[in-house]
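The structure under discussion appears below in the form of structure tokens.
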Amino acid sequence: MAEVLIGDRAIGDGHPVFVVAEIGVNHNGSMPTAKKLIDAAASAGADAVKFQKRNLKQVYQQEILDNPNLGEQSFQYMIPLLREFEFSEHDYFYLAGYAREKGLIFLCTPFDSDSADFVDSLKVPAYKIASADMINFPLLEHILSKGKPLLISTGMSTMEELDITVEFLKERGAQFALLHCNSTYPAPFEDLNLRFIQMMKKRYGVPIGYSGHERGIAMSTLSTALGACLVERHITLDRTMPGPDHAASLEPQGFEKMIKNIRQAEVAMGSGAKKIFNRGEILNREVLGKSLMAAVDIPKGTVIARNMVVAKSPGKWLSPQRLFDLVGRAAERDIAIDEPFTEEDIGEKQDPTLTTSFQSRWGFKARFHNLDDLLPHNPKLLEFHFTDEDLNEEFKGNHYNTELYIHAPEYWFRQIIDLCSFDEEVREKSVEVIQATINKAREMAPYFKGNPKIVMHVGGMDVEPVEDTERLLYNAETAFRRFDLNGVEMLPENLPPRPWYFAGQWHQNAFIHAEEMVDFCKSLDLNMCLDVSHAKLYCNLYKKDLNQYVKAVAPWVKHLHISDAAGIDGEGLQIGDGEIDFEQIFRLLEGRDFSWVPEIWRGHQRKARGFFIALQRLSQFSVLTQGRAKTP
């Protein structure tokens with residue numbers, strides 16, 4: 001796959017779109033304005049800023065410089081402005097350093113060989129070539145001697161000229177990217193010809209970007225969907241300022257919105273290799289989808305006829321697409337009206353038996369109604385995942401030789417439990433529900449071994465990102481201090497960065513960064529529940545190392561939720577079906593006192609088949625099977 005390196009950034013397919021904020025001469029010769037533009041680019045999320053450098057005596061005929069009126073009107077307009085706006089060499093060194101302090105790559109377009117030499121002294125990682133110089137072989141030849149990659153705009157040139165320049169560069173072994181461009185300011189939409197990006201990718205086999213001069217941000221975003229791996233747009237503080245490029249530039253708010261849209265677009269494009277079935281769709285499918293169910297009572301041995309089968313919600317059991325695999329078979333069990341069919345009814349046996357043993361403190365996620373399926377396998381703990389309705393249900397159980405864990409409700413009625421919320425009413429109701437969970441744990445405790453543990457979500461989720469995360473965590477910490485925790489232990493759980501609520505994807509704004517979890521636990525003298533899948537998704541999104549994450553939180557981890565993960569929202573995958581190196585994770589936790597449960601998405605269904613598969617796959621790890629997770 002073709003790519004170009006700009007510093008430590010790879011530009012090309014499969015890499016994040018590289019966004020260049022073209023300041024050019026939009027600083028109008030003002031150093032304070034130039035700094036404000038760099039600040040705006042950094043705040044918007046740009047990867048690089050770009051300026052321009054000219055030695056006018058090398059760029060223009062002397063007689064035109066002496067008397068611009070000899071030329072066309074554009075010379076009369078441009079040359080005085082370029083003289084007025086040109087910075088000193090000292091200014092460029094300062095701006096390059098200032099941009100790097102802001103975390104930006106500094107680029108500068110040279111329009112002549114002397115300027116190219118000076119730009120090299122600024123230690124730029126690549127050269128940007130203006131459209132006007134795409135055919136300038138003397139300048140290209142000089143710049144190629146610097147041994148750095150080239151980013152070449154292709155406006156104001158013909159197809160034949162583009163072919164010739166590409167051949168010239170390839171013959172010399174140049175590393176370069178081409179930027180599709182229409183060099184009018186502003187460029188009319190009907191002249192942008194964005195599909196040419198796809199043609200350039202196929203024809204030239206190098207990274208293709210887009211340098212836009214149109215109004216608005218939609219076309220620049222669209223260019224990335226068509227394959228542009230680099231986007232360059234002019235940035236200005238005010239489009240009405242005097243100067244050649246302001247009218248075709250984006251103001252800071254627009255530039256930020258463009259980058260946000262580009263980031264959303266590149267995520268939305270996906271790989272295209274397969275159809276994605278995400279967790280939100282699974283939730284909707286269960287509620288809105290259908291399963292095959294009995295339309296009448298069907299005694300064992302009856303040949304199942306078509307009129308004995310209907311499709312009804314929820315969509316949790318045998319798919320309606322298996323209808324003709326079911327019809328004509330003899331029922332192997334008594335099936336009551338409205339009872340769902342399963343894979344076993346079409347001869348696909350599911351064996352939920354556990355053939356291995358674990359000496360560590362392991363258990364199952366449980367509900368009140370499925371204890372009989374789980375207890376025969378001798379788990380050392382049960383983690384009941386409560387709903388708000390469970391808090392009102394009387395627990396009528398026996399005495400169990402297991403520890404009691406309770407996962408606090410995530411909802412009350414139609415509201416998410418959120419101790420972080422800026423809404424006081426939501427916080428108060430959340431405190432009420434969590435305290436009711438604590439009370440329920442104390443009520444159930446006599447039937448189990450030891451003191452109950454409560455796994456809970458701190459909150460901080462929203463449909464949009466929240467900037468004031470310190471206040472979110474302050475609200476949660478304040479709420480925690482109100483709880484009566486006598487006889488129970490609270491274990492706040494780390495959450496995924498893009499959780500699913502109400503069948504939609506949200507943003508998790510609190511209790512996801514390792515450092516904030518550690519600070520929270522220290523402040524309240526708490527331990528925590530580490531969800532390995534959630535941690536991996538966080539690390540994928542924020543480009544963190546999962547091993548370092550686990551090392552940071554390990555001293556506070558007392559309980560694990562174990563499942564695999566992929567991407568930024570593929571949580572709860574079966575062990576081995578995702579991206580987690582479990583061998584390394586368990587090695588980091590070896591010697592520590594922790595309990596654990598498999599938490600496979602919908603693992604409890606079909607008599608906990610997903611949990612049993614997970615347990616079989618986890619049996620290869622000695623820290624779990626041999627009980628070597630002990631207090632140091």
Qualifying trypsin sites (Lys or Arg not before Pro) for region 229-325 [loop in DSSP, other Cβ within 10 Å: at most 12]: K274, K275, K300
Estimated [θ] at 222 nm from DSSP helical runs (n ≥ 4, -39500 (n - 2.57)) normalised by residues in the chain, nearest 500: -10500 deg cm²/dmol
Full-stretch length increase - T184, S622 - with 0.36 nm per residue and alpha-carbon distance subtracted: 151.0 nm
Ordering of 582-593, 219-230, 17-28 by burial proxy (mean other Cβ atoms within 10 Å per residue, highest first): 17-28, 219-230, 582-593
Placed amide H near Q620: partners under 5 Å, 5+ positions off or other chain: none
Built amide H within the under 5 Å cut-off of M156, gap 5+: S183
DSSP bridge orientation in the chain - percent antiparallel, rounded to nearest 5: 25
³J(HN,Hα), Karplus 6.51/-1.76/1.60, whole Hz, each residue of region 506-511, x for Gly, Pro: 10, 10, 9, 10, 8, 6
Cα-based reach from K551 at 12 Å (exclusive), listing aspartates and glutamates while leaving out same-chain residues under 8 positions away: E515, E590
Region 484-632 - Rg and Dmax from Cα coordinates, angstrom: 15.0, 42
Listed peptides 420-426, 207-213 by packing density, highest first (mean Cβ within 10 Å): 207-213, 420-426
Extended-chain gain in nm, criterion 0.36 nm per residue less alpha-carbon gap, R481 and M269: 71.8 nm
DSSP-defined beta bridges in region 420-579 - what % are antiparallel, rounded to 5: 40
Hits among lysines - C-alpha to C-alpha of K102 under 16 Å, sequence gap 8 or more where chains match: K35, K36, K50
R0 of 22 Å, Cβ-Cβ distance E167-R195: FRET efficiency to nearest 0.05: 0.40
Cα-Cα over 19 Å, subset of K148/K544; K380/K536; K53/K123: K148/K544; K380/K536
Counting DSSP beta bridges with both ends in region 344-470, the antiparallel % (nearest 5): 15
For A565, residues with placed amide H under 5 Å, excluding near neighbours: L573, G578, E579, I580
Hz values of 3J(HN,Hα) by residue in region 297-305 - Karplus curve (6.51, -1.76, 1.60), Gly and Pro given as x: 5, 10, x, 4, x, 6, 6, 6, 9
Modelled FRET efficiency - R0 22 Å, A336 with L371, Cβ distances, 0.05 increments: 0.50
At 0.890 mPa s and 25 °C, Stokes diffusion of the chain via Kirkwood alpha-carbon radius, µm² per second: 85
Fully extended contour minus Cα-Cα distance, from Y94 to K260, at 0.36 nm per residue: 56.9 nm
Mean Kyte hydropathy of -1.0 or more with a Cα span along the axis of at least 24 Å, helices from DSSP in the chain: 252-269, 424-444
Cβ crowding within 10 Å averaged over residues, with 595-606, 458-469, 162-173 ranked highest first: 595-606, 458-469, 162-173
Surface accessible to a 1.4 Å probe, per residue, for the residues of region 133-207, Å²: 50
Residues listed by number, region 559-581, amide nitrogen under 20 Å from Y501 label point at 7 Å toward C-beta: 568-572
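The values are calculated or read from the model by the stated rules, or taken from the named source; none is laboratory data. As the structure is a computational prediction, the values presented were derived from the model and not from experiment. Glycine gets a Cβ as well: all are built from the backbone with ideal geometry, and neighbour counts include every protein chain shown. Just the protein is used for accessible areas: all its heavy atoms, side chains included, with ligands, DNA and RNA removed. Shrake-Rupley method; radii C 1.70, N 1.55, O 1.52, S 1.80 Å.
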